[in-house]
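Read the figures in this text as sums done on the coordinates, not as results from a lab. If you're wondering where the values come from, they're calculated on a predicted model, not measured in any experiment. No Cβ is skipped: glycine too gets one built from the backbone with ideal geometry, and neighbour counts run over all protein chains shown.
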Amino acid sequence: MLHFRFPAPPAAPILLALSALVPALALIALAPVASAQEQASAFPPAPRPPAQAWQPVEQVKTYAVSGSSGMALYQSIGERGPSAGLGAAIAHTAFKLTWTRDYRPQPDGSCTLAIARPKLIVTYTMPKASKDLPAGLREKWQRFITGVEKHERVHGDQIINMVRGIEAFSIGLNAPDDPQCQKVRARLQARLKGFSDERVRQSRDYDKVELTEGGAVHQLILALVNEP
């Protein structure tokens, strides 16, 4: 979903056919939405404030790889890459999401979710080669890592869009006959799974295009490991 599984590299650096390097699509469980910090306001209810602008925090973590050829770098990724279920991954995208929510009981007995402010941290884990690569290999590596980062950033955008969708749905959500604000909380929780499922579907569909033979990521691997 957020990463592509790394296939076991060949024992020797040889010219590889397309079918030999097709990375198997790997899925990871969606990072659960953390428990919200929720506050229930007393009467009288204040006017609902405008939504406060927020921005996601995006950060990049790296793991070191080494080698004097594209194949050696690829093998190093297989040895040192982040865990991805049954194998290693070239790169990985994860996130941490928390919410500040303000549920406000209304004079008519209903309850309104007046504030839903997210805090989102998206973390990309990427391979990093040493700076002293030979000139030709350095250029190949740069093309490879630029393409891998582009792939992962799309997954990051999917996460950010999901959070913005949850925010838009949340603010102003109301449930009648809900003086303890329990029904409106339940309505929100029931909808969150739909947002998560849609993001997982988008991620899978994207990876199917990128990771199959001839796809962008597949081509990146071939360009790195095959000699000119």
- Given the Cα-Cα distance of residue 64 and residue 192 and 0.36 nm per residue of separation, how much length would full extension add, in nm? 42.4 nm
- Between the alpha carbon centres of the range 114-163 and the range 195-216 the gap in Å comes to 16
- Message: Ranking request for peptides 100-113, 130-143: highest mean number of other beta-carbon atoms within 10 Å first, then the rest in descending order.
- Response: 100-113, 130-143
- Message: For a protection proxy built on the mean count of beta-carbon atoms within 10 angstrom, sort 57-64, 199-206, 89-96 highest first, please.
- Response: 89-96, 199-206, 57-64
- Note on the structure: Violations at 20 Å Cα threshold for listed pairs 61/150; 128/150; 96/193; 96/119; 61/96; 61/208 -> 61/208
- Between residue 123 and residue 157, with labels modelled 7 Å along Cα→Cβ, what's the label distance in nm to one decimal, could you check? 2.4
- What length, rounded to one decimal in nm, is gained on full extension from residue 208 through to residue 132, with 0.36 nm per residue of separation minus their alpha-carbon distance? 23.9 nm
